[in-house]
Amino acid sequence: MDGNKIIARSLAQQGVQYAFGIVGIPVIDLAMALQLEGIKYIGFRNEQAACYAAQAIGYITRKPAVCLTVSGPGLLHVIGGMSNAQSNCWPVIVIGGSSDQAQERLGAFQECFQVESSRLHCKMSARPPNLSSIPRFVADAVKLSTYGRPGAVYLDFPGDLLNATVSEEDTDWIPSIPEPPSTMASPCQVAKAVKLILAAEKPLFIIGKGAAYAKAEDPIRNIVNQTNIPFLPTPMGKGVVSDLHRCCVGPARSLALQKADVVVLFGARLNWMLHFGRLPRFNPDVKVIQIDISPEEFHSSLPTAVALHGDLRTVSKQLEEELVKTGHVFKDSSLWWMSLKEKVCQNREVNQRSAEDTEEPLNYYAVFHCIQETLPKNCMIISEGANTMDIGRTVFMNELPRHRLDAGTFGTMGVGFGYAIAAALWCRDNSPRKRVVCIEGDSAFGFSAMEVETMSRYKLPVIIIVVNNNGIYAGLDHGLFHDLADGSDPAITLPPTSLTPGCRYEKMAEMYGGKGYVCKSIKELRSAVENALKETSKPTIINVFISPVAQRKAQDFDWLTRAKM
């Protein structure tokens, strides 16, 4: 057996089902070996997008997928994806081919210190010393990517190791690594948390994507139903408890964060996305109950009142059992609930007025409201782009967990098409009637636009909707753009945020025989979405022109609040 076959068989024995990447020297034979072992290989146009796809599979399934890359530049292109996986705490295994060991430090083809380059961006970066040790390194990669706080791992395989051979009997095969153990929190700490929740006058649950990854939706839903305590989902925590649940206070986010006296973090971290838990966005006297698999996360930005260390699903069950015993129900008549409901109604009315304004050029709210009404229930929504993502989060309702993927903790633009391809593959294999909808700002669309060919090649009917405002955050209309660009040096006169007005992105669909639609009205948009839903084997691109100066509703705080450090 050569190194390629040993790697492929080891991955298959560990339950790996998907690999994404770009082949070249020295990993072409490895990609073929993966397919011979029944691992599905999806060839991308850019390594970074391939890494985004592999980690999205890890998030959706809790099982790592492989990102396969060539040596040197190929591996370096993947490092952005590895950092994204580390930041989001999603498992992924990156496998990089590298130059022959015998040629190291001689200026070999694409020679690069790949193990060292990857080390800062993953949980493990290693090169097996010989063929017989490969199964052990693969098993370690699976274990380390999923045990504890999930993340990225990197395995390096020189070309001469891939092509070397050894007898099957001399290979140390490793049994399949079991799922991560479920650890419980200290019962004393759970009792302390329950006591604090019962005493709270303004309690709030914050549900993060860690809860979605942990598949903790059942106990968390039971806790919310039992206690009637308001909850706030983070962007990818949406759907752990339905956005339509009576206790969801997403539209009153600022008020809920600012006034809550006890906050329970279910798989969320007090990082920039939650303003570090500090003034002016949080109550200075707030008491935080935090559930986390990683004890290092406790007391990171402010003191943790109760630290519940353990597997989130298991600890949530512990909390559920203890809260059910108390019979505690937080009353709708409380001042806290009344103030939150009033704010929810006020903000929904503001959004609704914007949604009803269908004057052309369109605004974000009208576009998203039309899409939400036209799509079937429980689509998987992939979203990226500044205003496109932020406003879309408030309009698109998620009723199921792991059905919204976006820029995440690292705030990464360019993830959309990789995520969408992974989601579409998962849907085809597990829920064939479910649709994947990728809603992109026009800037975000450009990061990985050629991956629409990848979608077409693998017959993935992703619906791509480009919300086109001619720029990053805001753009220019045709007249002003040409006034600034014509007769002058556009590198001096055009704003850095501007993109080509009226760019016909939908025409990219023609390169693979698909259909593209350009829309300027709600009627055209609704018709385009309905037609796209009829397509079952190719991606569809819908290019929606909106006002270049369309914005979200007025905010109480800047989106990136500089907390008082």
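Label separation (Arg353 vs Gln372): 1.7 nm, computed from points 7 Å beyond Cα along the C-beta direction. For the pair Lys215 and Glu37, what calculated FRET efficiency results from E = 1/(1 + (r/R0)^6), where r is the Cβ-Cβ distance and R0 = 35 Å, to the nearest 0.05? The value I calculate is 0.80. Here is how the number arises for the chain: DSSP H runs of 4 or more residues each give -39500 (n - 2.57), the sum is divided by the residue count, and the result at 222 nm is -11500 deg cm²/dmol. Taking each residue as 0.36 nm, the span from Glu535 to Leu120 lengthens on full extension beyond its C-alpha to C-alpha distance by 145.1 nm.
Per-residue packing, averaged as other Cβ atoms within 10 Å, sorts the ranges 423-434, 21-32, 260-271 into the order 260-271, 21-32, 423-434, beginning with the highest. Full extension of the chain segment joining Met511 with Glu321 gains 62.8 nm, where the gain is 0.36 nm per residue of separation less the Cα-Cα distance. Do you know the relative contact order of the chain, to the nearest whole percent, from alpha carbon pairs under 8 angstrom that are 6+ apart? So the answer I get is 12 percent. Given R₀ = 41 Å, what would the calculated FRET efficiency be for Leu244 paired with Phe113, taking r from the Cβ atoms and rounding to 0.05? According to the calculation, E is roughly 0.20. Close amide-amide hydrogen proximity is noted between Asn271 and Phe276, each under 5 Å apart and 5 or more residues distant or on a separate chain (H modeled in the peptide plane; Pro and chain starts excluded). Shown in residue order for region 218-227 are the 3J(HN,Hα) couplings computed by the Karplus curve 6.51 cos²θ - 1.76 cosθ + 1.60 at θ = phi - 60°: 5, x, 5, 4, 5, 5, 5, 4, 6, 8 Hz (x for Gly and Pro). For the set Val350, Val288, solvent exposure ranked by accessible area (probe 1.4 Å, protein chains only) runs largest to smallest as Val350, Val288. Under 13 Å between alpha carbons, and skipping anything fewer than 8 positions from Lys259 in its own chain: which aspartates and glutamates qualify? Within the straight-line cut-off, Lys259 pairs with Glu201, Asp285.
So if each residue of separation counts as 0.36 nm, and I subtract the Cα-Cα distance between Glu169 and Lys192, what length gain in nm does that give?
In short, 2.8 nm is gained.
Which FRET efficiency value, to the nearest 0.05, is calculated for Leu106 and Thr493 with the Förster distance at 51 angstrom and r the Cβ-Cβ distance? Rounded to the nearest 0.05, the efficiency is 0.55.
What does the highest-first list of 184-192, 380-388 look like by mean Cβ count within 10 Å?
So the order, starting with the most tightly packed, is 380-388, 184-192.
Taking Lys515 as the anchor, which aspartates and glutamates have their alpha carbon closer than 19 Å to its alpha carbon, excluding any fewer than eight residues away along the same chain? Result set, ordered by chain and number: Glu440, Asp442, Glu451, Glu453, Glu506, Glu524, Glu530, Glu535. A 1.4 Å probe run over the protein chains yields, for region 410-524, 44 Å² of accessible area per residue, whole-number rounding.
The values are calculated or read from the model by the stated rules, or taken from the named source; none is laboratory data. Every value quoted in this text rests on a predicted model; they were computed, and no experiment measured them. Quick reminder, even Gly has a Cβ in these numbers, built from the backbone with ideal geometry, and neighbours come from all protein chains shown. Keep in mind that these areas ignore ligands, DNA and RNA; they rest on the heavy atoms of the full protein, side chains included. Shrake-Rupley method; radii C 1.70, N 1.55, O 1.52, S 1.80 Å.
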